[in-house]
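These notes are about the structure you will find just below.
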Amino acid sequence: MAEEKKKPEIDKEQCTGCGICVDECPNKVLELVNDVATLTKPQSCDGCGKCAEACPNEAIKMK
Ligand code: SF4
Ligand code: SF4
C-alpha cells in the first residue's frame, strides 16, 4: 500500500524569493529559479513540510 506523499506547491505570486525554504529543506530539493522557490528535485522530497512551516509569506502549501 503506497502512501501518497504530499509535495510543496509554491505560489509564485506570494513568494518573495527570500530563500528561507531553500535553506530549511533538509533534503536540499528546493532552489530559487528566477527568484521563485522551485521544487527542482521532486523525487527527493520526502514531504516533511518544513519548507511550508518556514515560509514567512505562506507561499507554500502541502498538497
Ligand atoms: S517538504 Fe521537506 S523535503 Fe520537500 S521540499 Fe519541503 S522541506 Fe524539502
Ligand atoms: S520561504 Fe516562502 S517566500 Fe521565501 S523563497 Fe521560500 S516560498 Fe518563497
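Side notes on the structure shown:
- Only one of the listed residues (K7, K28, K41, K61) is in contact with a Pro (Cβ under 7 Å, 6 or more places away or on another chain), of a type in the set (K, R) and without any contact (Cβ under 8 Å) to a residue 60 or more places away in the chain. That residue is K7.
- Within region 14-46, the set of residues being over 9 Å from the mean Cα position of the chain (by Cα) and within 22 Å of E4 (Cβ to Cβ) comprises P26, N27, T40, K41, P42, Q43, S44, D46.
- Being exposed (fewer than 14 other Cβ atoms within 10 Å of the Cβ), not β-branched (V, I, T) and not in a loop (DSSP other than H, G, I, E, B) is a property that E9 has.
- Options E9, E24, E13, E4: the member that is more than 14 Å from ligand 1 (Cβ to nearest atom) and among the acidic types (D, E): E13
- Criterion (out of contact with any helix residue (DSSP H, G or I) (no Cβ under 9 Å at 6 or more places or on another chain), within 7 Å of ligand 1 (Cβ to nearest atom) and on the phi < 0 side of the Ramachandran plot) met by exactly one of C18, C48: C48
Only the coordinates and a few stated rules stand behind these numbers; no lab work does. Remember, predicted model here, so these are calculated numbers, not experimental data. Using ideal geometry, Cβ is built from the backbone for each residue, glycine included, and neighbour counts are taken over all protein chains shown.
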